[in-house]
Amino acid sequence: MISTSLFQSGVRRVISDASRLFDPLGLIEPVIVEAKIFIQTLWKLQVSWDDLLPENLQAFWLEYRRNLGALESISIPRWVNYSEDCSSVEWHGFCDASDSAYGACLYLRCTTSDGSVRVQLMMSKSRVAPLEDLKKKKSKLSTPRLELSSALLLSHLYEKVSQATQLKIPLFFWTDSNIVKFWIASTPSRWQTFVANRMSEIQHLTKGGLWNHVAGIENPTDGLSRGISAAQLEYQSLWFNGPVWLRQERNFWPVTLKLLLNS
């Protein structure tokens, strides 16, 4: 665990601290994305490698490091509830984006023979939103395009996990962006290159899956797009187990026009 003693640091120390947060499955990714967003903030402010951070940024990073101690009280089961007792097994993927970052997470939903439902977080990924680069004539991405990027990230995440598990089971993908759902349902050639290329790849990687709309407040990837402190993560049932309705029968799921990608 990183020491929480008082210190004065520059970008070098911040990156050194952040690089020690090793989480290949992304089970505490909402905490790590806070560090990613903070490092990007330092980059935007053009803080030099060894310059001391401004007082307000020093305070934020010190509090962030202090809160990391709360991770020691978080227990994540290694067993993901998949067994021969499961009468039904499904993948459920969620994606979301903000101006700061975007992310995706994947859950395994198992229904047992007695009708009980168990949902377990399998893996997640996040990315900070690309910065504007006037020299390269690269503008900042709009929110819809960031949402589309999160859907593509989810598609790649599903591809990676499905190849590792070899489970051929029903697929459900959830986004709180109706624009993204509309894009995915349409023909890629209708759109400009950025949207068309991502749409085409999403359609290919998620063939046979159902794309659905979920309310933003019920989207577990909201924490990936904005970050959650380590002190708060332990109490985030939405993050570890998905929305409450996912542990209920299908008639309790959000009612939307569902998009099925032909296999």
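The values are calculated or read from the model by the stated rules, or taken from the named source; none is laboratory data. Note that the structure is predicted; figures quoted are calculated from it, not measured. Virtual Cβ from ideal backbone geometry, glycine too; neighbours counted across all protein chains shown. All accessible areas refer to the heavy atoms of the entire protein, side chains included, with ligands and DNA or RNA removed. Shrake-Rupley method; radii C 1.70, N 1.55, O 1.52, S 1.80 Å.
Surface composition of the range 1-103: carbon and sulfur make up 53 percent of the accessible area, probe 1.4 Å. Amide H contacts of Gly93 (H built 1.01 Å from N, in plane; Pro and chain starts excluded): Tyr107, Phe172, Phe173, Trp174 sit under 5 Å, all sequence-distant by 5 or more or on other chains. Contact order for the range 1-119, expressed relative to its length and based on alpha carbon pairs under 8 Å spaced 6+ residues apart, stands at 24 percent. Karplus-derived 3J(HN,Hα) values for the range 192-207, using 6.51 cos²θ - 1.76 cosθ + 1.60 with θ = phi - 60°, are 5, 3, 4, 5, 4, 5, 5, 4, 4, 5, 4, 4, 5, 6, 10, 3 Hz; glycine and proline are entered as x.
Helical content alone sets the calculated 222 nm signal of the chain at -11000 deg cm²/dmol, taking -39,500 (n - 2.57) per DSSP H segment of four or more residues and averaging over every residue.
The aspartates and glutamates within cross-link reach of Lys168, meaning a Cα-to-Cα straight distance under 19 Å and a gap of 8 or more places when in the same chain, are Glu84, Asp85, Glu90, Glu159. Surface exposure of the range 167-243, expressed per residue as accessible area with a 1.4 Å probe, stands at 45 Å². Accessible surface comparison of Phe194, Phe94, probe 1.4 Å, protein chains only, largest first: the order is Phe194, Phe94. With a/c under 1.5 counting as rounded, go ahead and sort the range 119-263 into rounded, prolate or oblate using the C-alpha gyration tensor (a ≥ b ≥ c being the square roots of the eigenvalues; past the cut-off, prolate if a/b is larger than b/c, else oblate). Since a/c reaches 1.5 but b/c is at least a/b, the shape of the range 119-263 is classed as oblate.
Ordered by solvent-accessible area of protein heavy atoms (1.4 Å probe), largest first, the residues His156, His92, His204, His213 come out as His204, His156, His213, His92.
Solvent exposure of the range 1-104, expressed per residue, is 55 Å² of accessible area, with all protein chains present and a 1.4 angstrom probe.
Shape class for the range 134-213: prolate, because the ratio a/c of the largest to smallest gyration tensor axis (alpha-carbon atoms, square roots of eigenvalues) is 1.5 or more and a/b beats b/c.
Protection proxy ranking, highest mean first, for peptides 18-25, 222-229, 205-212: 222-229, 205-212, 18-25, where packing is the per-residue count of other beta-carbon atoms within 10 Å, averaged.
Where the alpha-carbon atoms of the range 52-141 are placed on the principal axes, they occupy 58, 37, 15 Å, in descending order. Backbone geometry of the range 90-103 corresponds, through the Karplus equation with coefficients 6.51, -1.76 and 1.60 at θ = phi - 60°, to 3J(HN,Hα) couplings of 9, 8, 10, x, 10, 9, 6, 8, 9, 5, 9, 7, 9, x Hz, x marking Gly and Pro. Averaging 1/r across all pairs of distinct Cα atoms in the range 215-258 and inverting the result yields a Kirkwood radius of 11.7 Å. Judged by a Cβ-Cβ distance under 4.7 Å, the unpaired cysteines of the chain are Cys95, Cys105.
Ordering 39-46, 125-132 by mean Cβ neighbour count within 10 Å, with the highest value first, yields 125-132, 39-46. Each of Ile76 and Ala215 was given a label point 7 Å from its Cα along the Cα-to-Cβ line. The distance between the two points is 2.8 nm.
Couplings 3J(HN,Hα) of the range 232-245, computed from phi: 9, 4, 4, 9, 8, 4, 4, 6, 7, 10, x, x, 4, 5 Hz, in residue order, whole Hz [Karplus 6.51 cos²θ - 1.76 cosθ + 1.60, θ = phi - 60°; x for Gly and Pro]. Global dimensions of the chain from alpha-carbon coordinates: Rg and Dmax equal 19.6, 61 Å. When DSSP beta bridges are restricted to pairs lying wholly in the chain, around 75% turn out antiparallel. Near Gly26, the amide H atoms lying under 5 Å from its own belong to Ser124; only residues 5 or more places off or on other chains count, and H is placed 1.01 Å from N. The aspartates and glutamates within cross-link reach of Lys125, meaning a Cα-to-Cα straight distance under 12 Å and a gap of 8 or more places when in the same chain, are Asp23, Glu29, Asp96. For the chain, relative contact order (Cα pairs under 8 Å, six or more residues apart, normalised by length) works out to 23 percent.
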